[in-house]
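Take a look at the structure below.
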Amino acid sequence: MARHLKARKPRAHWVLLSAILLAVTGLLAVNAFLTGGLGTEHASPTGSATGVPAAAREGGAVIDPRGEAPRTVRPKDKMFALTFDDGPDPEWTPKILDVLSRHNVHATFFVTGANVARHPGLVEEIEERGHEIAHHTTTHTDLRTAGETRTWLELRATDLALAWAADRTTALVRPPYAATPASLDDPAWVAALRLGDDGRLTVLSDLDSQDWRRPGVDAIVANSTPRSDAGAILLMHDAGGDRDQTVAALDRLIPDLQARGWVVGTVTETTGLVDTGGRPDLLTRLGGLLLVAIVQLAEFVTGALEFLLIAATVVAALRTILVLATTGMHVRRVRRDRPSPVADPVTVLVPAYNEEKGIEATLRSVLRSRHPVEVIVIDDGSTDDTPHIVADLRLPRVRLIRQANAGKAAALNTGLAAARTELVVMVDGDTVLEPDAVPTLAAQFRDPTVGAVSGNAKVGNRDGLLGKWQHIEYVIGFNLDRRMYDVLQCMPTVPGAVGAFRRSAVLAVGGVGEDTLAEDTDLTMALERDGWRVVYSERSVAWTEAPHTLGQLWKQRYRWCYGTLQAVWKHRHAVFERGAAGKLGRRGLPYLLLFQVLLPVLAPVVDVAALFGLLTGDAVATTLTWLGFLILQTIPAVIAFQLDGERLRPLLALPLQQFVYRQLMYLVVIQSVATAVSGVRLPWHKLERRGQATRV
């Protein structure tokens, strides 16, 4: 059954990937802006007030700077304006509203646009209870340090949020970090003039409860109590921290004032101001709806990414523990149960397509094996001198079979049909075998339940940073992951570079499948579903040539990843099967999907979140998290290198691997998933060879 893949060029998914990353980046930027992580600065009072008119510093707490001379307004005598800053807050605003309702008074809530967008229902409740909504900028930024553009953004964003949440506009603005009129300095006056140019009134306070300091209920009540009968505006807070003292103080302050004949109300009620608000038009309301939706989506994405960072850390730690534990079990088992050699002859199959630069080294290394071997080279329609080189070498025990180009799987099936031995070893046309590779592979078949054996492939061309990165990846993958798969009896892949099989077992499952791009993974899974064990032999060393450019690496990993997805889908029913198939389905397949598909798909946005955390959030926590990930990779890497007898020096390239190599692997996975979802069938990807798969 030979179904050839349709050679259709896959669509590029860079636009989709870029759009997703840009959208996530934009949402994180929105959240960072709203939480004060971008472009915020709080200025200390300068003390200089040479530009502040005396009327503003000595007048009422409500300032209208729009005329030639500023006009100020204060509450009438024995009238007390309650105001609350920084909300709405889902915990404390409702409690404060309950206190106000219990004493039948109204207040003015100076809300931030960010909190309005996060909790529009609370704003609606404030309005429904008859309270006044006023403006406290969007991000609680200090308008004394904000330029004209930032001020405009702060005002407009809150306007939009209020338009949707409260169906209101307001001219009342309390600048964050503002105090009494007497505290006005030159930067604060410039900010007030900007507000006036935009048609706004600046609302300061006459009394500051200092509740944000949490000085105690008695102190808050004392700070909030007027010293005379002159009207006053009180500053309190309904957000920004624990406000239990504020709630308790309010429950004492209001009845005390009422008992002394004070009228408690909103800023407009106590000052007599009119025309301080209105209804927004439909376009403004729709803009508010869009803003609220974006803010809430940004909150969700940020929270999800924070969860993912924590979950990824936990999963990485559990994976490290699992891999190291199973590695220890495998090492002890190998030392205890090393199989003795077998005398069964072995056929080595070498599928070759345009391998002129490496085929001679491959054949000579196979013939140096310390085991009787016959070699079958299957030339799959090469367009270079590969078949001529093989023929001209006239090597003993080497047969050449030529066929029209049909792909690697078809070439292997041709070799299986021509083989005359039960044990076959399959290697790539650029593989260089160690002399002990074939005998150690064959020895594993003393166990009659073993159907295939994975060898230990090593990178031969390690020069350069790209070679070192692949060397690290191969050592960790073969010496830890395959040991784990062996112990858990769920080996997903016997690599094409070096692997051994029972010929009868392969033929029983229909030969090497030709309907995926990962024929090695497909065949391994098929054997396990047929009841065979697949094991790992770390002493069966082979050297392979790794891609030497990023473009070649992309082609190779794209094919591997896409082929793995095809194989997982093809053998998905193993999840419900028993025996060796069930172990593959319930252990191997989930592990593959989690660590080779899901986490890499999510990794780019997690990296973006980490970058934003470094720039706008807790840089120490973000750095420690990143170092934790690095440590979780370094510890297994050191153990793998020591088990494989490798020098540790290449691991110095591991930190840099996080910034380049890992990102490329992420993109490969995302491109592969997108290709699989879109249903595109990929042609065979042939890599350029340089004949560098030599022993190091």
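Here are the numbers:
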{"read-out": "Exclusive hit being crowded, with 23+ Cβ neighbours inside 10 Å, in the same structural domain as Leu667 (by TED's automatic domain parsing) and either closer than 24 Å to Asp530 by Cα or out of contact with any strand residue (DSSP E or B) (no Cβ under 7 Å at 6 or more places or on another chain) (or both), set Tyr562, Tyr558", "value": "Tyr562"}
{"read-out": "Number of positions in region 540-555 that are over 30 Å from Ala443 (Cα atoms) and either surrounded by 24 or more Cβ atoms within 10 Å (Cβ to Cβ) or without any contact (Cβ under 8 Å) to a residue 60 or more places away in the chain (or both)", "value": "1"}
{"read-out": "Hey, Thr169 touching a strand residue (DSSP E or B) at 6+ places or on another chain (Cβ under 8 Å), of a type outside the set (A, V, I, L, M, F, W, C) and surrounded by fewer than 20 Cβ atoms within 10 Å (Cβ to Cβ) or not", "value": "yes"}
{"read-out": "Boolean, Asp447 is in the same structural domain as Gly531 (by TED's automatic domain parsing), within 18 Å of Glu519 (Cβ to Cβ) and among the acidic types (Asp, Glu)", "value": "no"}
{"read-out": "Residue among Thr93, Thr137 that is at positive phi and touching a residue at least 24 places away in the same chain (Cβ under 8 Å)", "value": "Thr137"}
{"read-out": "Counted residues, region 634-652 - those being over 21 Å from Trp543 (Cα atoms) and either in contact with a Cys (Cβ under 9 Å, 6 or more places away or on another chain) or buried (at least 18 other Cβ atoms within 10 Å of the Cβ) (or both)", "value": "1"}
{"read-out": "Hits in region 53-93 (condition: among the aromatic types (Phe, Trp, Tyr) and in contact with a Ser or Thr (Cβ under 7 Å, 6 or more places away or on another chain))", "value": "Phe80"}
{"read-out": "Wholly enclosed strands (runs of 3 or more DSSP E) of region 299-404 bearing at least 1 residues touching a helix residue (DSSP H, G or I) at 6+ places or on another chain (Cβ under 8 Å) and small (Gly, Ala, Ser)", "value": "346-352"}
{"read-out": "Meets criteria (surrounded by fewer than 18 Cβ atoms within 10 Å (Cβ to Cβ), in the same structural domain as His140 (by TED's automatic domain parsing), more than 22 Å from Leu97 (Cβ to Cβ) and not hydrophobic (A, V, I, L, M, F, W, C)) for Asp275", "value": "yes"}
{"read-out": "Hits in region 229-283 - residues which are in contact with a His (Cβ under 9 Å, 6 or more places away or on another chain) and among the small types (Gly, Ala, Ser)", "value": "Gly240, Gly265"}
{"read-out": "Condition check for Ile233: touching a residue at least 60 places away in the same chain (Cβ under 8 Å) and crowded, with 18+ Cβ neighbours inside 10 Å", "value": "yes"}
{"read-out": "Evaluation of Asp337 against (1) modelled with pLDDT of 90 or more; (2) at negative phi (one fails), failing number", "value": "(1)"}
{"read-out": "Single condition Asn115 does not satisfy, out of (1) under 20 Å from Thr151 (Cα atoms); (2) of a type in the set (S, T, N, Q); (3) modelled with pLDDT of 95 or more", "value": "(3)"}
{"read-out": "Test: Val390 is over 21 Å from Arg539 (Cβ atoms), out of contact with any Pro (no Cβ under 9 Å at 6 or more places or on another chain) and not aromatic (Phe, Trp, Tyr)", "value": "yes"}
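Let's see how each residue does on (1) small (Gly, Ala, Ser); (2) at pLDDT 95 or above:
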site: Arg502; (1), (2): no, yes
site: Val506; (1), (2): no, yes
site: Gly511; (1), (2): yes, yes
site: Glu514; (1), (2): no, no
site: Met525; (1), (2): no, yes
site: Val534; (1), (2): no, yes
site: Thr549; (1), (2): no, no
site: Arg557; (1), (2): no, no
site: Thr564; (1), (2): no, no
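The values are calculated or read from the model by the stated rules, or taken from the named source; none is laboratory data. These numbers come from a predicted model, not from an experiment. Ideal geometry is used to build each Cβ from the backbone, glycine not excepted, and the neighbour counts take in all protein chains shown.
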